[in-house]
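Enquirer: Below is a structure I'd like to ask you about.
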């Protein structure tokens, strides 16, 4: 049982390491979004996908180790919850792993917060672009003005700010 606990502990520390790397990638992504560096955003997206795959691999390893040790967790990699796995562990094992589990959960919460912030920034940015495109495209459409059509297609374009009919 001690080798099992050591193996779980090693995997939890690996997960902590991977989560810290993901946290760094999300912070870098935030700055890159503000800088509007699209090339760097694509690179970061690839790195985040690779990091997510590594995190999922550790999840599967944790579940496999628990299954091998005879722990009936009933989870898959997608439904994995570290707290659910810890509830299935004997009390002394759970206490030994508690510090690492708390760190994993804190990092996970921080990562979710950073990802949410980045997503909100992207949504706001796209909303501004949408508004700008709306302004630009509606400015190109003819508008009625005191019986005359004013717009790029009218022959006698009038600057409505400079002229008015009485």
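Enquirer: Would you mind putting 39-48, 123-132 in packing order, based on average other-beta-carbon counts within 10 Å, highest first? All intermediate terms of the calculation are to be shown ahead of the outcome.
Expert: Values: 39-48: 13.6, 123-132: 10.3.
Most protected by this proxy first, the peptides run 39-48, 123-132.
Enquirer: Here is a further query. Report the gain in length on full extension from residue 21 to residue 123: 0.36 nm times residue separation, minus Cα-Cα distance, nm rounded to one decimal. Let's see the in-between values first.
Expert: Details: separation 102, 0.36 × 102 = 36.72 nm, distance 2.46 nm.
Here the segment from residue 21 to residue 123 would lengthen by 34.3 nm.
Enquirer: Report Rg(Cα)/(2.2 N^0.38 Å) for segment 2-125, keeping two decimals.
Expert: On the way: Rg = 16.6 Å, N = 124, 2.2 N^0.38 = 13.7 Å.
In units of the 2.2 N^0.38 Å rule of thumb, it is 1.21.
Bear in mind that the values in this text are calculations on the coordinates, not laboratory data. Since we're looking at a predicted model, the values are computed, not measured. Quick reminder, even Gly has a Cβ in these numbers, built from the backbone with ideal geometry, and neighbours come from all protein chains shown.
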